[in-house]
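Colleague: Have a look at this one.
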Amino acid sequence: MTAPSRARAIRVVSPGGSIGYGVNADSLQRAVASGLDVIGADSGSTDMGPYYLGSGRPYHSRATMKRDMSLIIEAGLANGLPVLIGNAGGAGADPHLAWAHEIIKEIAREKGMSFTLALVHSQQEKRYLKERLAAGKVRPMPGVPELTAERVDACERIVGQMGVEPFIEAMDHGAQVVLAGRACDSAIFAAYPVRAGIEAGPALHMGKILECGAMSAVPPTGRDCLMAIVDGDQFEVVAPNPARKVTPFSVAAHMVYEVEHPYLQGEPTGVLDFSDVVFEETGNRSTLVRGTQFHVHQRPTIRFEGAERVGFRSIVLGGIRDPFLIAKLDEYMAGCTEQTLALADQPGVSLNWIVYGRDGVMGEMEPERDHPGHEVGILAQILGPSQEVAHDVAALLEARMIGFPYSGAKTRTAHVAFPFSPLVNDTGAVYRFSVLHVAELAKPSELTSLFPIEYFKVGAEP
Amino acid sequence: MNRKLIDLVEFLFSKNAGPYLITFDVVFKDEATFEMVRRAKVFTKARIAKLFHVPESRILSIHDYPAGRVIKFNLVRDISSGDFGDRSVFGSQMWAPLISLEVPAERS
């Protein structure tokens with residue numbers, strides 16, 4: 001932060017919005033051929049919901065993740081470029097990191113590669129977050145309830161979202177490939193430029209744009225590469241694929257994507273401020289961005305995410321074409337619910353209905369819910385304290401659904417067209433993001449120390 | 001003559017801004033249209049709350065960003081993404097009520 005920026009221009013590529021979706025190999029080759037310093041790759045988010053963090057399961061197709069990681073690691077090693085992968089396995093906790101680590105070892109074995117790999121852990125001890133909570137240093141993200149120690153304890157696992165510091169530490173120790181857990185998307189791409197002396201503001205801003213791949217280009221897609229060249233306090237956004245271009249509008253419109261605020265965005269060490277950013281078309285399918293401000297926090301923060309298991313789900317799915325029943329759906333669902341819960345007499349069971357063709361998507365927000373279609377789809381879900389209980393109650397519900405005597409019926413039974421045998425399907429555990437909170441750190445060194453790094457010689461002869 | 005919002009936009013969508021918020025991006029065809037809608041103060045908490053049948057307290061914020069020709073607002077979910085009873089893990093497909101939102105004509 002102190003020395004004026006005299007760093008050379010740094011060239012960064014992002015292979016796409018997420019590796020594991022299928023990287024465009026031609027675009028990656030073009031980017032590599034144009035000269036690069038580093039390959040960054042995002043591989044996850046909270047977007048797919050709490051199941052992955054809660055269950056420890058990976059989000060992506062393993063085969064495609066292997067193909068994509070193989071492409072970028074080969075390109076990196078062949079050209080002496082560090083490869084920085086963040087949000088391993090989707091949610092970035094230890095089981096996800098282990099899953100991606102296995103894939104990397106398999107790639108190295110099959111391709112005869114050898115390199116230094118850094119594994120950066122983001123899974124957190126509950127104790128640390130509870131200490132910060134007790135010290136009054138934890139605040140919820142907008143729209144999230146206040147945190148309690150009980151909610152922390154109830155989580156299956158908790159991750160912290162790292163900034164650039166652990167990536168820099170790993171590169172300082174000679175890692176050629178860095179596989180990191182939960183990370184700020186921006187940090188994956190900003191780490192190398194910051195290490196080379198670029199200011200945090202333009203480096204992180206550039207990272208925010210690269211993290212969705214070619215979503216910032218025209219035509220937009222998350223499944224293609226995007227490049228940036230950071231030079232001093234400005235950066236150029238470039239589409240390696242000649243079929244795309246990057247315009248001031250395409251960059252600016254995407255900068256507001258999936259965020260609450262269009263021009264103030266929090267990072268571990270400060271707030272990015274885009275209010276005075278200027279965009280300039282270069283005439284060469286690319287756009288220059290300058291004017292990013294970065295307001296440094298007095299004390300750094302880390303965002304924590306934790307998933308709590310709320311129960312197990314069983315579902316019954318069916319269709320209704322009977323117009324007399326469609327007219328009496330609320331009576332029918334209330335009756336089925338009441339009879340089922342009375343018969344089941346199980347504590348801790350919840351029942352939920354989704355009616356597609358009426359208000360399935362929007363629920364009570366639906367302005368057209370009084371005008372259902374000529375046919376509706378019904379998804380009935382039971383949440384229970386165990387899969388066995390959920391299944392048992394769902395079986396009772398199915399038996400009510402087929403024969404419940406709603407008023408004005410022109411039939412006596414067979415009210416629902418069920419597409420599946422089995423009629424009840426068990427879908428496993430259901431989770432909730434009970435932790436989505438920002439903690440002020442006790443000391444700045446925790447930006448690194450909360451994220452322990454392991455080093456491996458991958459593919460080396462024993 | 002009043003105009004319908006859908007005829008003024010380049011694109012619009014809803015999407016998660018984290019698991020507890022759904023953010024709506026309304027991107028206009030050109031700068032003049034963006035400025036016109038902004039001046040007309042079409043997006044207010046009261047109006048959005050009424051359109052989506054939610055209390056005003058669930059409309060967290062409304063922002064605009066001229067470089068992106070975008071007006072966006074944020075709805076606090078009643079059920080967080082992927083929790084039991086959620087209807088849209090990605091927060092997608094919630095924007096349809098905006099189609100018929102009327103934008104008053106400017107007096108010349």
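Bear in mind that the values in this text are calculations on the coordinates, not laboratory data. Just so it is clear, the model here is predicted, and its values are computed rather than measured. Cβ placement follows ideal geometry from the backbone for every residue including glycine, while neighbour counts extend to all protein chains displayed.
Colleague: Using the structure shown, select from B:LYS15/B:LYS50; A:LYS126/B:LYS72; A:LYS66/A:LYS126; A:LYS245/B:LYS72; A:LYS208/A:LYS457 the pairs with a Cα to Cα distance greater than 29 angstrom.
Modeller: On the way: B:LYS15/B:LYS50 20 Å; A:LYS126/B:LYS72 36 Å; A:LYS66/A:LYS126 32 Å; A:LYS245/B:LYS72 25 Å; A:LYS208/A:LYS457 31 Å.
Flagged as over cut-off: A:LYS126/B:LYS72; A:LYS66/A:LYS126; A:LYS208/A:LYS457.
Colleague: Could you work out the mean count of beta carbons from other protein chains within 10 Å of each residue's beta carbon in B:59-67?
Modeller: Details: counts 0, 3, 3, 0, 7, 3, 10, 2, 15.
The per-residue average across the peptide is 5.
Colleague: Scan around A:VAL424 for amide H atoms under 5 Å from its own, H built in the peptide plane at 1.01 Å from N, and keep only partners 5 or more places away or cross-chain.
Modeller: Sorted by chain and number, the residues that satisfy this come to none at all.
Colleague: In addition: Net charge around A:ASN241, counting only other residues with Cβ within less than 14 Å of its Cβ (Lys, Arg = +1; Asp, Glu = -1)? List each step's numbers first, then the result.
Modeller: Values: positive: A:ARG30, A:ARG223, A:ARG244, A:LYS245, A:ARG285; negative: A:ASP26, A:ASP224.
Local net charge: +3.
Colleague: Here is a further query. How much net charge surrounds A:GLY201 when only the other residues with a Cβ under 13 Å from the Cβ of A:GLY201 are counted, with Lys and Arg +1 and Asp and Glu -1?
Modeller: Numbers: positive: A:LYS208, A:ARG290; negative: A:GLU199, A:ASP233, A:GLU267, A:ASP273, A:ASP276.
Within the 13 Å Cβ shell, the charges total -3.
Colleague: Please compute the net charge surrounding A:ALA395, taking Lys and Arg as +1 and Asp and Glu as -1 over other residues with Cβ under 13 Å from its Cβ. All intermediate terms of the calculation are to be shown ahead of the outcome.
Modeller: Working: positive: A:ARG400; negative: A:GLU388, A:ASP392, A:GLU398, A:ASP426.
Residues close to A:ALA395 contribute a combined charge of -3.
Colleague: Compute the longest continuous run of chain A that contains no exposed trypsin sites (Lys or Arg not before Pro); treat a site as exposed when its DSSP state is not H, G, I, E or B and it has at most 10 other Cβ atoms within 10 Å. Could the numbers behind the result be given before it?
Modeller: Details: sites that count: A:ARG6, A:LYS410, A:ARG412.
Answer - A:7-409.
Colleague: Run down the aspartates and glutamates and flag those whose C-alpha is under 13 Å from the C-alpha of A:LYS137, throwing out any fewer than 8 positions away in its chain.
Modeller: A:GLU146, A:GLU440
Colleague: Now a separate question. Using Cα pairs closer than 8 Å and at least 6 residues apart in sequence, work out the relative contact order for region A:309-434, in percent. Mind showing how you got there, number by number?
Modeller: Working: 223 pairs, mean separation 57.7, N = 126.
Reported as a whole number, the value is 46 percent.
Colleague: Read phi for every residue in region A:145-154 and hand back ³J(HN,Hα) as whole Hz from Karplus 6.51 cos²θ - 1.76 cosθ + 1.60, θ = phi - 60°, with x for Gly and Pro.
Modeller: Values per residue, Gly and Pro as x: x, 4, 7, 10, 4, 4, 5, 4, 5, 6 Hz.
Colleague: Once you keep just the Cα pairs under 8 angstrom separated by 6 or more residues, what percentage relative contact order results for chain A? It would help to have the intermediate numbers written out before the result.
Modeller: Values: 1080 pairs, mean separation 92.6, N = 462.
Dividing the mean separation by the residue count of chain A yields 20 percent.
Colleague: Now for a different question. From the phi of every residue in region A:80-88, what ³J(HN,Hα) in whole Hz does the Karplus formula 6.51 cos²θ - 1.76 cosθ + 1.60 yield, where θ is phi - 60° and glycine or proline is x?
Modeller: Using θ = phi - 60°, the values come out as x, 9, x, 10, 10, 10, x, 6, 3 Hz.
Colleague: Here is a further query. Could you tell me the largest-minus-smallest coordinate of the C-alpha atoms of chain B on each of the three principal axes, in descending order and whole angstroms?
Modeller: If we take the Cα atoms of chain B, the spans are 51, 26, 19 Å.
Colleague: Where both residues lie in the protein assembly as shown, what percent of DSSP beta bridges are antiparallel, nearest 5?
Modeller: Details: 96 of 111 bridges.
Bridges in the protein assembly as shown are about 85 percent antiparallel.
Colleague: Per-residue ellipticity at 222 nm for chain B, helices alone: DSSP H runs ≥ 4 residues times -39500 (n - 2.57), over residue total, nearest 500 deg cm²/dmol? Numbers along the way, then the final one.
Modeller: Numbers: 2 runs with 16 residues, N = 108.
The per-residue figure over chain B is -4000 deg cm²/dmol.
Colleague: From zero up to wherever the largest Cα-Cα distance of chain A sits, split into 20 Å bins and tell me the percent of pairs in each.
Modeller: Once binned at 20 Å, the Cα pair distances of chain A give 23, 46, 27, 5, 0.
Colleague: For region A:309-434, just the Cα atoms, rotate onto the principal axes and tell me the three extents in Å, largest first.
Modeller: The principal-axis extents, from largest down, are 39, 32, 25 Å.
Colleague: Taking Cα centroids, how far is region A:163-179 from region B:43-57 in Å?
Modeller: First find each Cα centre; the distance between them is then 46 Å.
Colleague: What residues have an amide H closer than 5 Å to that of A:LYS245, excluding those fewer than 5 places away on the same chain, when H is modeled at 1.01 Å from N in the peptide plane?
Modeller: Correct list: A:VAL218.
Colleague: Give a residue-ordered list of calculated ³J(HN,Hα) values for region B:57-74 (Karplus: 6.51 cos²θ - 1.76 cosθ + 1.60, θ = phi - 60°; whole Hz; x for Gly, Pro).
Modeller: 5, 7, 8, 5, 6, 10, 9, 9, 9, x, 4, x, 6, 10, 10, 10, 9, 10
Colleague: Would you pull out the residues with amide H under 5 Å of A:ARG157's amide H, same chain only if 5 or more places away, H placed 1.01 Å from N?
Modeller: Amide H neighbours of A:ARG157, under 5 Å, 5+ apart: A:ALA307.
Colleague: What are the GluC sites (Glu not before Pro) within region A:368-447 that DSSP puts in a loop, where the Cβ has at most 16 other Cβ atoms within 10 Å?
Modeller: Numbers: sites: A:GLU368, A:GLU375, A:GLU388, A:GLU398, A:GLU440, A:GLU446; in loops: A:GLU368, A:GLU375.
In loop regions of region A:368-447 (DSSP not H, G, I, E or B), the sparsely surrounded GluC sites (Glu not before Pro) are A:GLU368, A:GLU375.
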